[in-house]
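J.: This is the structure I want to talk about, given as structure tokens.
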Amino acid sequence: MPRRFLKRMMPHPDRIKGSKSLQFMGNLLHDPNLWHLNRHSVSRAMAVGLFVALMPIPMQMAVAAAIAIIARSNLPISVSLVWLTNPVTMPPIFFAQYQVGVLLLGASERSMPMQLSVNWLMAELHHIWQPLLLGSLVVGTVVAALGYVLTLLYWRMWVSRNWQRRKLRRRRQSQE
């Protein structure tokens, strides 16, 4: 895995641990797995971050941080992945998840207005919450599982490729 690149992108653990706004967490932030970049903590972080990103819930970053601490996954990666759903990507992602929920429940699809508004959403929420929630859980679980497995496979491929390169380099050096 491109560990050096990830290390440069992530904030230093001491800076986060020393933040006054996080003092209420006590020693929870001192678990080394929350900060180490190994295949297990990063794979778990991918699963946590992707799952929470696809949930239609408020305060996704806080939820991802809490689950990352419980799952002992890399905290910065888990929290940063929730930004996959942002104000631009949220509507199409949640609409697709709603469609999956409608398909799984066999429910009738609600018609969409030409312009989405908060008033329309509040009026229709009692009709759309079940398909949206089911679709979000199904899609979130599948995407999280794929993220976990693909990260493990990518990490293994990366390490194997580096071992092969080192072996080839040593063979060339011994032949000289």
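The values are calculated or read from the model by the stated rules, or taken from the named source; none is laboratory data. Quantities reported herein were computed from a predicted structural model and do not represent experimental measurements. We place every Cβ from the backbone using ideal geometry, glycine too, and count neighbours over all the protein chains shown.
J.: Considering only region 73-176, give the helices (runs of 4 or more DSSP H) lying wholly within it that have at least 3 residues that are closer than 25 Å to residue 46 by Cβ and of a type in the set (Ser, Thr, Tyr).
T.: By residue number, 118-175.
This table checks each residue for (1) closer than 17 Å to residue 137 by Cα; (2) at pLDDT below 90; (3) crowded, with 20+ Cβ neighbours inside 10 Å.
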| residue | (1), (2), (3) |
| --- | --- |
| 10 | no, yes, no |
| 15 | no, yes, no |
| 54 | yes, no, yes |
| 92 | yes, yes, no |
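J.: Exactly one of these conditions fails for residue 124: (1) modelled with pLDDT of 90 or more; (2) surrounded by 13 or more Cβ atoms within 10 Å (Cβ to Cβ). Give me its number.
T.: All conditions are met except number (1).
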